[in-house]
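This report concerns only the one structure given below.
Every read-out reported here was derived from the displayed coordinates using simple, explicitly stated rules and does not represent laboratory data. No experiment lies behind these values; they were computed from the predicted model shown. Here the Cβ is made from the backbone with ideal geometry for all residues, glycine too, and neighbour counts use every protein chain on show.
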Amino acid sequence: MSQRINILPETITNKIAAGEVVERPASVIKELVENALDADANEILVEIVAGGKRLIRIKDNGHGMSREDALLSLERHATSKIRTDSDLDGIMTLGFRGEALPSIASISRFRLATRESSNPEGTEIVVEGGRVREVKACGMPTGTVITVEQLFFNTPARLKFLRSAETEAGHVGDTMARLAISRPDVGFVFINDGRELMRVQRSDLQRRLTQALGKDAATDLHCVASSAAGISVEGYISGPAAVRSTTAAMFTYINGRFVRDRLIQHAVMQAYRGVIDRGRYPIVALFISVPAGEIDVNVHPTKHEVRFRNQSQVHDALQGALEEVLRRSPWLTQRPEQTPPASGATGQAYRERIAAAAQASLSLPRREPSFHGATTTDVNGQTAFAPSPAKAGTVGEPAPSFRPDATRSEPLGYFSSMEIIGQFHAEYILCQSGKELVIIDQHAASERVAYQRLRQQCESSAVESQRLLFPETVELSFSETAVAKRFQEDLAKIGFELEPFGGNTVILSAVPRIAANSTGTQLVRDILAELATLGTTVAFREKLDDLLARIACHSVVRGVHPLDNRQIAELLRSMDETDFAASCPHGRPVSHVITLAELEKIFKRT
Amino acid sequence: MEFRIDKEVFLKSLQKIQGIVEKRTSMPILSNVMLEATDSALHVTATDLEVGMKSSYPAEVATPGKITVGAKKLYEIVKELPNQVIIFTTKDNDWVEIKCGKVQFNIVGLSPEEFPYFPAVKEENLFEIESSLLKGMIEKTSFAICNDETKYNLNGLFTKVETTEGGDQNLKMVATDGHRLSIAKGTFKGNAGPELSKGVILPKKGIYEMKKITDEESGGTLMFGFMDNSAVIKRGDSYMVMRLVDGEFPDYNRVVPVANNRIITINKEVFTHSVRRMAILSSEKFKGIMLEISNTGIKISSSNPELGDAMEEIDVTYDGEPFAVRFNARYLLDVLAVTDTDCIEMKFKDELSPSIIVPEKSDSFLAVIMPMRL
């Protein structure tokens, strides 16, 4: 009797695990830096050569490991992060699987040096392709240094799929940016081929974002802070001016872990609907905390995905938190010019500037890095920081100097506090706000006001549904049928009547009136698909919103239409009462600001 | 080709086919009209592949031939020409010269070879039908034709001849958009043939063109018939051919309720005006009007959160259980507009089941409307 099934030797199992965890040098960086963060390091240095293909070195000042731990850490499923089964339900560390180190060690020439503070000497372990070659004592500061050389040297297939050094370095840079934003309290240094591409000091989130995203983007960031039902959302989101064409600047973290989750992204985009154009993505850095028992991060070895116990709750909490900020259109009132320069900078800022100056004098002129990291080289960058988070979200914050009545109890809104200059071409309203010339598109403004009013009315009244003479049979998939059954009541609330008709067929016997003239079955499918993946549906709302936007667009002043000053004042006043006043329902901006400085530049006065 | 034709005749011939030529089409030739000169007549043909029309007019033909020209531009040109005889000549490369008095136009045409084939109609297959009957029945049903292109089987009028037990033949036309249904009935004389006995769906566009033909002249008869999956209508020297909708019309008899025993009779004028008034406050897209029917009469009401509400009472005799039902006001008005009796009967079952509206003491027309639910 021949034996066909073998238990694989450990070197092979490690290689298989590496296939899941380590895709490219950036994955190594992610795993190792996360280990460093879990080890309470607050200074982390990452160095790569040739995009990480030749060398990756990660140095931290964390608590280090003893000789025994260091050797054990290279075994598979060996971890200090969880001990018992129940720990899996409440994971608060970034890692927990105990797979990263042995996996990386099995596909590279690997060198681990570590010292605990209690131990006078450190331990250095050399591993080659998963085999320990040498273990010796060494002298080093507290912490851990891991050197990974010749990644994938024994897995030629993987090696072949690596891109050029520049591309891989770019991926590493992106990973570093994500990690740096996730922990503003940790200093990061990132060196590529001997060039320092990023050096960020321990600071707060806002400053870290400025360093990671560049100061232009960072001036338009607004603070989000909300917490409801155990889910808290904190961070910064951008206004409509600083949008990107990809999701690359959407940094979302769940319990400190960077995730790229459909649910989260959907919630963010829903909140931004009508604020930015379709196909544009905002800059966000959001930290979502949910009780550890409410999510499962053990979905995929790289942990880019998570599962929520209660999807719709997280979705709605996030969308609500963002809308809360966006509806006030804080970017209207918050401008870099109005913020005091950081003259009274704290010791931190001072240290930073010194460091930056030193840096600038020491280093050779260098190419601007591909990701917006190296603001430390920009000495002037210090003065242009965005306002402190405490001030960020407040409407009408810095009082306009011309405001006549300083003792007024109820502060005027942004729009009504402006001085009306007049109308241009009977289409645009010109106003003065402090040292700014504000141009308002009167059609877009009144459209938004009308739309918001219609929406309120619609929300207050029930949805009327038109019953069908010939009920339509809809063939669904197994999962759609289950969803239809589960959400039958919710669907009835928005006007759909679905009845099971045996097997995977359901009968659609009533549709909401607004959808009565289009194909109801398609809308039902869209809604079911959304319910299945997100536990909540916006397809119907979207349809309603589109319709409302169209009605709003046609019901207000269009094109050339002279307005007298009282009408303008009334429009401005109602804009202050309107949520999301800064953009029309289609996402176009309502107002444009020309600063005095810009005007002076036009007239060559500067 | 060269022919001379009276301006008014030419203008009328072009006017007639304007509704058929496609304004936006992927086949440029379909926005053209084909002019064909034979011995002593000019044949004007237009088609969008679904509906086609061919008419003949007297003309003085010098050389026979054919050409296609942009239908809309040619119509605009002829409309503005002086009231004299027009000389129409084709040149090389499909150019066309139009002369009228001292006016001269040179316009570019397209080769007639590419124009879709227009079937030759065999007269013996046609039967006579009263123009006014057709007109009335189209009026009573066409409003309910579905405009959603995806429900292609509802984009037309279902037409069928039914033979009663007594041997009488009834012509029936049915239209529905899935929310309401309209059935018109008329007496049919002659031989129905296999198509009408089985029932056919006449396309929406063809119906509208057919209605134009019946509008032109009150009284008289049309010739009607079928060939190769198309319906043919002939009047005088004009033929119209429409391709039948290839689809299954839903079983409408199933949705016409038979047990609606809550019946009220109401004056059509009074009811129409009331619904119109109430509809002012119901917004077309979101809100219907409500009918509350009790022993004291009908209370019709509507409300709009933005504007306010409205209510009106009409006295009717009703001695059943009181109930309330909601409708899209548009659907009620459409039905009321085509009813030609003084009073209508409304038959209900409950607030969610289909309701019937029929003219009083007449079975020529029946409408079914699905109520709305809040």
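A few remarks follow.
- Kirkwood Rh and Cα Rg combined as Rg over Rh, evaluated for region A:428-502: 1.33
- Within the shell defined by Cβ-Cβ distances under 15 Å, the residues around A:Arg605 carry a net charge of +1, with Lys and Arg each +1 and Asp and Glu each -1.
- Once the Cα gyration tensor of region A:30-143 is diagonalised, semi-axes √(5λ) in Å: 21, 17, 16
- Here the simple spin-label model places points 7 Å from the Cα toward Cβ, and for A:Ile439 and B:Asp237 these points are separated by 6.3 nm.
- Of the Cα atoms belonging to region B:1-77, the radius of gyration and Dmax stand at 11.9, 35 Å.
- Note on A:Met92 and A:Glu598: the model spin-label points, each 7 Å out from Cα along the C-beta direction, lie 4.8 nm apart.
- Simple label model, 7 Å out from Cα along Cβ direction - A:Ser245 to B:Met227, nm: 5.8 nm
- Taking trypsin sites (Lys or Arg not before Pro) in DSSP loop conformation with at most 12 other Cβ atoms inside 10 Å as exposed sites, chain A has its longest uninterrupted site-free stretch at A:409-603.
- Rg to Rh, two decimals, where region B:257-369 supplies the alpha carbon set and Rh follows Kirkwood: 0.94
- Projected over every direction and averaged, the convex hull enclosing the alpha-carbon atoms of region A:208-329 yields 7.2 nm².
- Compared with the rule-of-thumb size 2.2 N^0.38 Å for a compact globular protein, region B:1-140 has a Cα radius of gyration ratio of 1.11.
- From least to most packed, judged by other beta carbons within 10 angstrom and beginning with the fewest, B:Thr90, A:Thr247 follow the order A:Thr247, B:Thr90.
- Signed unit charges on C-beta, dipole axis of region B:140-274, positive-most listed residue B:Asn261, B:Gln169, B:Leu196: B:Asn261
- Neighbourhood net charge (10 Å Cβ-Cβ; Lys/Arg +1, Asp/Glu -1) for B:Phe115: -2
- When shorter helices are ignored and each DSSP H run of at least 4 residues is given -39500 (n - 2.57), the per-residue value for chain B at 222 nm works out to -6000 deg cm²/dmol.
- Set B:Lys54/B:Lys212; B:Lys211/B:Lys361; B:Lys122/B:Lys205; B:Lys54/B:Lys205 screened for pairs whose C-alpha atoms are more than 21 Å apart: B:Lys211/B:Lys361; B:Lys122/B:Lys205
- Residues in region B:147-191 that a label on B:Lys198 would reach, taking backbone N under 16 Å of a point 7 Å out along Cα→Cβ: B:158-162
- Computed over Cα pairs, the Kirkwood radius of region B:34-79 leads via Stokes-Einstein (0.890 mPa s, 25 °C) to a diffusion coefficient of 215 µm² per second.
- The Stokes-Einstein estimate for the protein assembly as shown, based on a Kirkwood radius over Cα pairs and taken at 25 °C with 0.890 mPa s viscosity, is a diffusion coefficient of 69 µm²/s.
- Entry for region B:198-305 at q = 0.13, 0.14, 0.18 Å⁻¹: log10 I(q)/I(0) = -0.85, -0.89, -0.94, Debye formula applied to identical alpha-carbon scatterers, no solvent contribution.
- Furthest towards positive pole of dipole, A:Gly214, A:Ile48, A:Met65, structure part chain A, Cβ charges: A:Ile48
- Base-10 log of normalised Debye intensity for region A:452-606 (one unit scatterer per alpha-carbon) at q = 0.16, 0.20 Å⁻¹: -0.94, -1.24
- FRET efficiency, 1/(1 + (r/R0)^6) with R0 45 Å, evaluated for A:Ser226 and A:Glu149 via beta carbons: 0.45
- Gyration tensor (Cα) of region A:191-251, equivalent ellipsoid semi-axes in angstrom: 25, 16, 11
- Calculated from the alpha-carbon coordinates, region B:123-252 shows an Rg and a Dmax of 13.8, 40 Å respectively.
- Nearest-ten-degree value, helix A:25-38 long axis tilted from longest Cα axis of chain A: 90 degrees
- Note on region A:511-572: the alpha carbon radius of gyration divided by the globular reference 2.2 N^0.38 Å gives 1.70.
- Hydrodynamic radius of region A:10-202 per Kirkwood, over alpha carbon pairs, in Å: 16.7 Å
- Using R0 = 60 Å, the C-beta based FRET efficiency linking B:Lys189 and A:Leu71 works out to 0.05.
- Just so you know, the averaged projected area of the alpha carbon convex hull for chain B sits at 22.6 nm².
- Projected over all directions and averaged, the alpha-carbon convex hull of region A:152-206 occupies 4.7 nm².
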